[in-house]
Each structure stands twice: as C-alpha cells, then as structure tokens.
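Q: Supplied in structure tokens, the structure appears directly below.
The values are calculated or read from the model by the stated rules, or taken from the named source; none is laboratory data. Just so it is clear, the model here is predicted, and its values are computed rather than measured. Here the Cβ positions follow ideal geometry from the backbone for every residue, glycine too, while neighbour counts run over all protein chains shown. Just the protein is used for accessible areas: all its heavy atoms, side chains included, with ligands, DNA and RNA removed. Shrake-Rupley method; radii C 1.70, N 1.55, O 1.52, S 1.80 Å.
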Amino acid sequence: MKRIAKGDLLRRIKLNRRRLQSKCYRYPDVFEQNKSWPGDWQGRCILALTSLYFSLYGYEDEQKDVLDQLNEIMNHLKDYTNADGYFGELVNDKYVNEQQVSGNSWYLRGLIEYYQITKDETYLDLIKKVVNKFIFRMADFYSHYPLSDRESGGVGGHSENKVTDGWLTSSDVGCAFIMLDAMSEAYYLLRDEELKHVLVKTIDSFMKIDYVKLNCQTHATLSCARGILTFYRASQDDRYLRFAKDIFDTYIDCGMTRDYSNINWFNRPNTWTEPCCIVDSFILASQLYESTGETKYVRLMNRIYLNSFRMAQRSNGGAGCNTCLYEDKKVIQGYLYEAYFCCTMRFAEGLRFVKKYSSISSEDTLTITMLNEGVVSSCDGEEISIKGDIYNKEKVTLSFSSIKKPLHMRIYLPDSIGFSLKGPDYKYDGNYLEFVVDGDMDVSLHFSLALHHEDDLRFVGDMLLAKRDKYLDKKSFIDEGDAYYYLVDYSKVHGKNHSLELKQII
C-alpha cells in the first residue's frame, strides 16, 4: 500500500520542508556545522531530506526539489569525510569518541536511505566501507562502556573532554548506543554475518546496563530500542522483540511525561522535552503495533502524535523543546523555540513515519491506525481517500474506488468518542470499528465529542485538555465551571516569544 499525504499532515510536511531549505541544511554550509559531533548534523540532514522525499510521494516537483538539494550534498561527501568514508578522526586502538559514534550513526542511516532512493552502487559500497572500517573497528569498546557519573548537559550536549574506560564520553549519557539503530538498518540491508555477531554483542552489552540508574538520555535509549526492534524484524528472534518492549515499557514508566512527551534524561524530570525522543517514541509505538497488534501501542501512537509530536513543531517548520509535565509540575510552555541543530531534522523522519503508519495492511485487511487525511492505494489500483478529522471537523469520509475484491476494514477509534456511520453494516468492540468493503462506496463517520477523566487528567478521545488564557479556540469543553481546550498547536502560533510565553495548565 502507498499513501499520499493530504490535509494537516501535508501542511506539516511542507512547513518542515520549507525550514530545511535554509542555508545551514544545504551544501556547502551543512558541512561546517557542529564539529564537536562529527557527522551528526550532516547525517541528520541527509536522513531528513530522504525522509521528506518519501513523505512527498505523489508530489513530483517537490520530490525533485528535495532530491536536487540532497544530491548536491552527497556529491561532495568525499571532500569532508576521512579516508575510511566517515566523519571525524580515524578510529584508534586507545579510545572511542562517543559523540563521533553517535553522529556517524545518523550519517550511516542517511546513506542507507539515500541508497534506497537512488540504488546507486557507489553508496552501497560506501555503506559497506563504513561498516567495515568504523563499526567493526570500534565495536569491542561497547563491552566496557563507562558507568561512572557524568556532567549535566545542555540541550545540545557536550564532550566531557576526558577518557574513561576507553571512551571520550559525552554528557548525553548513552548516546553511543544510538549506533545500534544504524547497525541494525545496515544488517537489514546487507545481511552480513559478522555485522550480526557485532549486533548481538552490542545489544547484550546495553541490556546489562541499568540505563535508568545511569541517567541515560531517553532519546539515546529509544534510538537503541528502535535498533533492537529492527534487528528483531530482520532476525525474527523473539528475544529482541521482548528487549524492545521492555525498554519501551521502562521509558513509559520512567521517562514519559503526562502529555506523552519525554524528560531528557532518566531521573531528571525538571529538564525539558526533546522532539528527537518524541519521534523515537512514535516510531517505536508504531513498529511495536505492527509487530504485535497490541492495542496499547495504537493508542500510544495516537496520543503521542496528538499531544506531543504535533506540539513540538513551530510555525517556522522546525521543532523545539517544551517544559516537562509531571506530577509536581502541571504547566506546559515552550522551553526552546527551535532545536535547529538536531530536532528540526529528526522531525522530518517522524513525519515520514506518521504518514507510513497511519495505515497498516496485511493480506485482505487494512487497519487505519490514525484518521489522517490522505489517499491510500494498492499496487493493483485500489484506492481509499480519507477526508476530514475527528477532533475539529468531527466528520470523516472514506471513499473507496476500483475495489476488486472484498476488503476488511479496521479503524481505531477511542472508546470515549461517540459516532454514527452511514454505509455498510459494522461492528465496534470499543477499540476498532470493522466493516467489509465489496465494491466502490462512500462511508461517512460523524463524531460526538465529550470530556472524560483519566485520574486527574481530562481528555476528549485521545486528545489531552488544558486550561489557558491566550489563543483561546472556539472549541472548548466545560468541566466544573472551567473551560478546557486542546493543547496549543505551536505550528500555528507565530512569533518566538508568543510560543515560549504561552502557558497551559493541566
């Protein structure tokens, strides 16, 4: 199944695309950025542009524009990478630079996605070279990853400028294990047995660490978990699915805020959220749902997207950090307008996966996990158009055309939302609306929205509510005499100061 983005999701993709047209994301400026994290800016930028290319499927002119920008960067890689094809100094036998490992993970991920677009064997050879010359040479260092206390870091993280147990460590504790993401994607592509052996050892090393006690960065931890889940998808060894689920469960208990964002490090709630981690959490929830079919993951997909992911995007198209919502702090407001050096680029990857996982197909069943506007089509010409939304328009129409054989439809709907359906016979079990499409037809859904309580929080469906005194919307919900609103969509709030000053009280 292929999907063309429409409506609000397309607006967000185009907004992010416009931001990533800036000079710092283009050749030659892209190669002059953030040199304390070798390969990080460049890798995230390449990954962001490849993600936008996939997100803009169905819009050929926009795709070509992205690819032109991408090609210019890729054509000059050799001028800025070392003799072994990666960023930073060549690996030595004495120590490993943790920030170089993390940065080159994004670079390797970008290479892999660029190869998927172009099928240019030059980049397949480069992927193999980075695996052989970088990953294989530094992999043994993971067996003695330092467990000592680290300095407190800022939004961008910094090198501690000291070597401990063979590692030049970073304040972003655990960021070395981000490389598991790239390792596993490389293995998924190459099926190299030596790389498989390295992956198994590296995963075992991470699973022996008490990453909560160590105060690991939540973003690094979830990127690691995504890598473990990718390895499961390649190997079908259930042990790695279990590892990924366990890490995600720990994150939900110890690292996720009440609005489905994150704290930046475990055990440090009084910090800030990070869209990179929010993107990781959405991708993990989506892929765990695809792998297990467990309803808790589809509910998390929707709640992360509605309350956290969308709230991270700013009106300039980039992504920024907010304050953390937890038991002792019930106010959400902007913390950093834009983390242009990392999160703005990762947000593009998140948008790609929002589009991809809004629907999941298997045999004769199509599951709509998120009712985002768009067009879903099969390779033999069957097409489903989705228009409208639950929370603002309170109406969704699905139009089915060129349907050649009966199609079993499942649509996730939270049980707190009332609805009526005009179309075929259906059943609803409190999580999924199900019906069969046999031929061309339109199906209309009308929704009735009402506030409900979950402990001391207020929701409408999967949408969290808050009190606020600025940017009041027409749509409000009254509870005990007070008006509650959806969380602010920062992508529609213009001006840096407005975004940072706006307060929401849960």
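Q: Can you give the accessible area per residue of segment 15-70, in Å², using a 1.4 Å probe?
A: 39 Å²
Q: Can you figure out the FRET efficiency of H446 with R18, using R₀ = 45 Å and their beta-carbon distance, to the nearest 0.05?
A: About 0.85, to the nearest 0.05.
Q: Continuing with the same structure: Please list, short to long, the whole-number percent of alpha-carbon pairs of segment 323-393 in consecutive 5 angstrom bins beginning at zero.
A: Over segment 323-393, the share of Cα pairs per 5 Å bin runs 3, 11, 16, 15, 14, 16, 11, 7, 5, 2, 0 percent.
Q: Taking the Cα centre of segment 79-223 as origin, work out the dipole magnitude from +1 charges on Lys and Arg Cβ and -1 charges on Asp and Glu Cβ, in debye rounded to 20.
A: Using Cβ point charges on Lys, Arg, Asp and Glu, segment 79-223 gives about 180 debye.
Q: When the expected Rg is taken as 2.2 N^0.38 Å, what fraction or multiple of it is the alpha-carbon Rg of segment 1-100?
A: That ratio works out to 1.26.
Q: What does the convex hull of the Cα atoms of segment 118-176 come to per residue, in Å³, rounded to a whole number?
A: 114 Å³
Q: Where in segment 289-315 is the amide nitrogen less than 14 Å from a point lying 7 Å along the Cα-to-Cβ axis of D489?
A: Flagged as within label range: 306-315.
Q: Could you check how much of the accessible area of the chain is carbon and sulfur, as a whole percent, using a 1.4 Å probe?
A: 45 percent
Q: Hey, another quick one. Take the Cα radius of gyration of segment 1-54 and divide it by 2.2 N^0.38 Å, with N its residue count; two decimals is plenty.
A: 1.33
Q: Here is a further query. Would you mind calculating the relative contact order of the chain from Cα pairs under 8 angstrom and at least 6 residues apart, reporting the percent as a whole number?
A: Answer for the chain is 14 percent.
Q: Now for a separate question. P(r) of the chain in 20 Å steps, Cα pairs, percent per bin?
A: Reading the bins upward from 0: 23, 57, 19, 0.
Q: Mind checking the per residue accessible area of segment 223-307 for me, 1.4 Å probe, whole number of Å²?
A: So segment 223-307 comes to 27 Å² accessible per residue, rounded to a whole number.
Q: Starting from a Cα-only point model with no solvent, please compute log10 I(q)/I(0) by Debye for segment 454-499 at q = 0.21, 0.32 1/Å.
A: Listed by q, the Debye log ratios stand at -0.76, -1.29.
Q: Oh, and also: Let me know the volume per residue of the alpha-carbon convex hull for segment 78-210, in Å³.
A: For segment 78-210, the hull spanned by Cα atoms encloses 114 Å³ per residue.
Q: Right, next: Can you tell me the order of 138-145, 453-460 when each peptide is scored by its average per-residue count of other Cβ atoms within 10 angstrom, highest first?
A: Most protected by this proxy first, the peptides run 138-145, 453-460.
Q: Please list the helices of the chain that count as membrane-span-like by this rule: a mean Kyte-Doolittle hydropathy of at least 0.0 together with Cα atoms stretching 15 Å or more along the helix axis, each helix being a complete DSSP H run.
A: 40-55, 179-190, 193-207, 218-235, 275-292
Q: Sticking with this structure for a sec: DSSP loop trypsin sites (Lys or Arg not before Pro) in segment 71-109 with at most 13 other Cβ atoms within 10 Å of their Cβ, which ones?
A: Loop-located and lightly packed - K94.
Q: Okay, moving on. Select from segment 331-409 those GluC sites (Glu not before Pro) which occupy a DSSP coil region and have at most 12 other Cβ atoms within 10 Å, ordered by residue number.
A: E363
Q: Less than 15 Å from a label point 7 Å out along the Cα-to-Cβ axis of F341: which backbone N atoms in segment 87-128 qualify, by residue?
A: Hits in segment 87-128 for F341 at 15 Å: 99-100, 103.
Q: At what distance in nm do the modelled label points of K475 and N71 sit from each other, each positioned 7 Å from its Cα along Cα→Cβ?
A: 4.2 nm
Q: Heavy-atom accessible area of K23 with all protein chains present, probe 1.4 Å, nearest 10 Å²?
A: 140 Å²
Q: Here's a follow-up. Go ahead and estimate [θ] at 222 nm for the chain from helices alone: -39,500 (n - 2.57) per DSSP H run with n ≥ 4, summed, over the residue count, rounded to 500.
A: -12000 deg cm²/dmol
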